Structure formats: C-alpha cells, structure tokens
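Remarks on the structure that follows.
The values are calculated or read from the model by the stated rules, or taken from the named source; none is laboratory data. Here the structure is a predicted model, which is why all the values come from computation and not from measurement. No Cβ is skipped: glycine too gets one built from the backbone with ideal geometry, and neighbour counts run over all protein chains shown. The protein model used for the area step is the full one, side chains on, heavy atoms only, and it has no ligands, DNA or RNA in it. Shrake-Rupley method; radii C 1.70, N 1.55, O 1.52, S 1.80 Å.
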Amino acid sequence: MENKDLHFDTLAIHAAEKTDQNQALNPPIYMTSTFTFTDLQQADDTFSFKRKAFVYTRGGNPTINLFEARMAALESGVDSVAFASGMAAITSVLLSFVKNGDEILAHRNLYGSTFGATAHLFPNYGIITRYVNMSDLKQVEKSITPKTKVLYLETPTNPSLEIIDIAELSKIARNYGIKVVVDNTFATPYFQKPLELGADVVVHSATKYISGHGDVVAGVAISKDQEYIHRLKFGYMCELGGVLSPFNAWLLLRGLKTLSLRMKRHEENAMAIVRYLKNHPLVEKIMYPGLEEHPGHELARKQMTGFGGIVSFELKGDVETAKAFVRNLKLIKLAVSLGDAETLVEVPALMTHRDYPEEKLHEFGFSRKTVRISTGLEHPDDLIEDIERALKGVE
Ligand SMILES: Cc1ncc(COP(=O)(O)O)c(C=O)c1O
C-alpha cells in the first residue's frame, strides 16, 4: 500500500518495510562496517554506479536506511539522513547551508548545546549566528540581511515551551530565498509536521521520544528534497563522520512502533501534572502550551495536534527552593534528557542550559529557578503523589 493511504500509527510500524529473505517479522540488524565484493569486476561496477549495492556503513546500511525511510514517511518528507546524535544532525544541517561570512538567524531560546555550537564554535569558521525573538515576525524580517542563509528554531522551545509560527516564518523565508530548519524533538511528527507547514528541513534528537526508552543517542534530518538529502548524506554526514550505529537504528525502529501510544500517554501525564500544579499555592508560573493562558496556546492549537509531554514551572522563592523540590522527589529522577518511559526532572539553568549567560536568562523565557519535567509513562497518580510529597518538603 502507498504511504498516503495509511494512518500515522500504521506508518510508524510498517512504512518502507521489505519482506526478509527468511520472512522474519522484524528487520535484521546488519551489524557490519563493510560489505564484500565477489571480485574486482563487481567492485568496479559498484564504484562506477552500474550496480547498486552497499559498500561501507558510513555511506549506507540496510538497517539505517529502513529507519531513514520510516522517519521520512512519518515527517511527510521524501527521505532522511540518520546521525549518531541530535547535535551531529543539527550541526551538519546548519553547516550544509552556510559558509564563511554567512549568517544564521536563530530563535533566542535554543537547546544548550545548539546555542553553544552556534555561539562559540561556528564563529571560529566565520559563521555568525544572531538570536532574535521569532514570536515577533516583524523583528525576524527586520533582522534578515543578505548574509542570512537559514532560519533555525525549536517549537515548542526547550525549556520555556514557547510556540513559534512555522508557516508564517516559512513564508517570510521563501520571500528572501532563505531555508527554514525546525528542531521537532519536543513535538515529534505525531503532534507536529513542520515540512507540511513549509519548513525545508526537520531535525530531531532521536535520543528522545523517537527512541522513547532512554537507551540510544541518535539524530535524524528529514527533507522533501531528495537532492538535498543526497548532499547532506554524502557531503556532510559521511565526511564529518557522525554515522548512526545499525544497532541503534534497529532500537529506534522498535521505539517508533509505539510512538503514537507513548505520545498520547506523555501528554495525558503532562496535563495531569499541570492540573495539579495550577492549584498549588507554592507554584508561581507554569509553562505548558496546553494551558489556555499560555501565550502560544492558540498557535499551538493551529499548528500542532497535541501539546506534548514537557512541563516547565517555577516555585515561589529562589533557586534554593527549586533545588529543595528536586531533592525531595523519589520516583521522579534527576537527569538531563527527556522523552523516556521514566519521568525525569532537571533545572535547566544549572544543567542543560548552563551555556546561557545568567543575566540573559529572562530574555530566553526562563530563570535560574525554572524546573523542567519530562513526563514518563508511569501512572499519573504516582507522579502527583511524588510531586505532592516534594512540595510538602519545601513548605
Ligand atoms: C530540543 C533538543 N534538540 C537537540 C538536542 C541534542 O540532541 P542529542 O543529545 O541527541 O545530541 C537535545 C538534547 O537534549 C534537545 O533537547
């Protein structure tokens, strides 16, 4: 059947499947670095593109290719490139659009290492990134210069859960011949499809919801442009070397089968936690796009089909109160990363987002006392009991 005839849940299990020679239900893991030739003639035919075959896993591997094809189907792309990590995907995609002297225009609130790479590493190679508030479309347009080659954003953002208008930004970018890259890690294609809204490339930390089990570090970049995917794979992934392991590709394929079920449950748990926090006297601020009073709520309803599983919030008091709350949790684990079956908590300013200058945090929509929870798949009552106990300890 054609992909267009199948629902998301079915595509996550079946897209691009092939009948195995032994009729195994699950795809084999081609755990090999290289592929053999019967003789030099066959090698010559392969290298001169007369014969289509796998050569070396950094350039292609059947298990990795299946993961790439399945991700493309889920994100409404034509193809994708898998990477060893989300950061390998992000840096390779950005570098594929800029050269010495060019500029990247990015939303002001980014994952810490994306900010770190663009603010500290890229300038060494003459690539400058300017950070603007992309909720303000006029400011975006005013900030574009002839040197701007790419707009880069996350939506919802990490950790302040801001919502940026992908369709409107893409229209602006098209008028100036600029590419739009969206980090879709928080929403996943289950809740948001940036390519359908006009973005050129979608990137993921597949480490998160795509894997869903906290046992893989991986990334992927998806596009509707086959020529671009070829250039990204052979000109960047292959040359910079951030190749995904075939074993990790297999784990990601396994994770994808339950993506829709997991995302529904993550969201239900997030909603339950938000409802509880909303009525708690110690809670000062909640950042969750599912809340009607969230500034991005209406836009989230328009461009997403769900609000996701991440909740950020602030307690009355200062960073010491946040530290005490985190210390008092028992079931919820203190850890970076997100999208796992286990509910995880972190304090971004002290952990994942340390790269941001402290005096600028408020511009990025969070503060030293912001707490981020990635809701897992546990029973919501147990999570709320843990939060309740931790808050009592703070009082
Ligand atoms: C939104 C977002 N993008 C990118 C990354 C980087 O991905 P990875 O850790 O797989 O390199 C992360 C990691 O937390 C993230 O949260």
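Quick check: the distance between the Cα centres of region 20-54 and region 299-355, to the nearest angstrom?
Result: 45 Å between the Cα centres.
Hey, what do the phi angles of region 377-384 turn into as Karplus ³J(HN,Hα) couplings, whole Hz, using 6.51/-1.76/1.60 and θ = phi - 60°, x for Gly and Pro?
In residue order, the calculated couplings are 10, 5, 5, x, 4, 5, 5, 5 Hz.
Tell me the label-point distance for the pair residue 280, residue 175, using the 7 Å Cα-to-Cβ offset, in nm and rounded to one decimal.
Result: 4.5 nm between the two label points.
Between residue 312 and residues 5 or more places away or on another chain, which pairs have amide H atoms under 5 Å apart, with H built 1.01 Å from N, and which residues are they?
Placed amide hydrogens put 287, 373 under 5 Å from residue 312.
May I ask you to order 260-268, 380-388, 47-55, 88-96 by the average number of other C-beta atoms within 10 Å around their residues, highest value first?
The packing order, highest mean first, is 88-96, 260-268, 380-388, 47-55.
Using 20 Å as the Cα-Cα cut-off, could you pick out the over-long pairs in 99/179; 333/392; 99/138; 138/171?
Violating the 20 Å Cα-Cα cut-off are 99/138.
Taking only protein heavy atoms and a 1.4 Å probe, what accessible area per residue, in Å², does the chain have with all protein chains in place?
Result: 45 Å² per residue.
So what is the relative contact order for the chain, in percent, with contacts set as C-alpha pairs under 8 Å and at least six apart?
Worked out over the chain, it gives 18 percent.
Report, to the nearest whole %, how much of the accessible area of the chain belongs to carbon and sulfur atoms, 1.4 Å probe, protein only.
Whole-percent figure for carbon plus sulfur exposure: 52.
Could you tell me which trypsin sites (Lys or Arg not before Pro) in region 92-152 are loop residues by DSSP with no more than 15 other beta carbons within 10 angstrom of their beta carbon?
99, 147
Quick check on the chain: helices-only [θ] at 222 nm, where DSSP H runs of length 4 and up contribute -39,500 (n - 2.57) each and the sum goes over total residues. Nearest 500, please.
Result for the chain, helices only: -10000 deg cm²/dmol.
Would you mind putting 277-283, 71-77, 242-248 in packing order, based on average other-beta-carbon counts within 10 Å, highest first?
Top to bottom by mean Cβ count within 10 Å: 71-77, 242-248, 277-283.
One quarter of the convex hull surface, Cα atoms only: what value does that give for the chain in nm²?
Convex hull of Cα atoms, orientation-averaged projection: 20.7 nm².
Counting only other residues whose beta carbon sits under 13 Å from that of residue 224, what net charge do I get with K and R as +1, D and E as -1?
Summing Lys and Arg as +1 and Asp and Glu as -1 gives -4.
Give, rounded to the nearest 20 debye, the magnitude of the charge dipole that region 1-131 has about its Cα centre when Lys and Arg contribute +1 at Cβ and Asp and Glu contribute -1 at Cβ.
Result for region 1-131 is approximately 380 debye, rounded to the nearest 20.
Find the Rg to Rh ratio for region 260-394, where Rh is the Kirkwood radius over alpha-carbon pairs and Rg uses the same atoms.
Rg/Rh for region 260-394 comes to 0.94.
About its Cα centre, how strong a charge dipole does region 64-124 have in debye, to the nearest 20, once Lys and Arg get +1 and Asp and Glu get -1 at the Cβ?
Approximately 140 debye in magnitude.
Could you grab the relative contact order for region 1-107? Cα pairs under 8 Å, six or more apart, rounded to a whole percent.
Averaging sequence separation for qualifying contacts and normalising by length gives 24 percent for region 1-107.
Enumerate the aspartates and glutamates that residue 52 could reach by cross-link, defined here as Cα to Cα under 20 Å, with residues fewer than 8 away along the same chain left out.
Of all the aspartates and glutamates, those that pass the test against residue 52 - Cα under 20 Å, at least 8 places apart if same chain - are 17, 20, 39, 44, 68, 79, 227.
So how do 193-201, 36-44, 225-233 stack up, highest first, on mean other-Cβ count within 10 Å?
193-201, 225-233, 36-44
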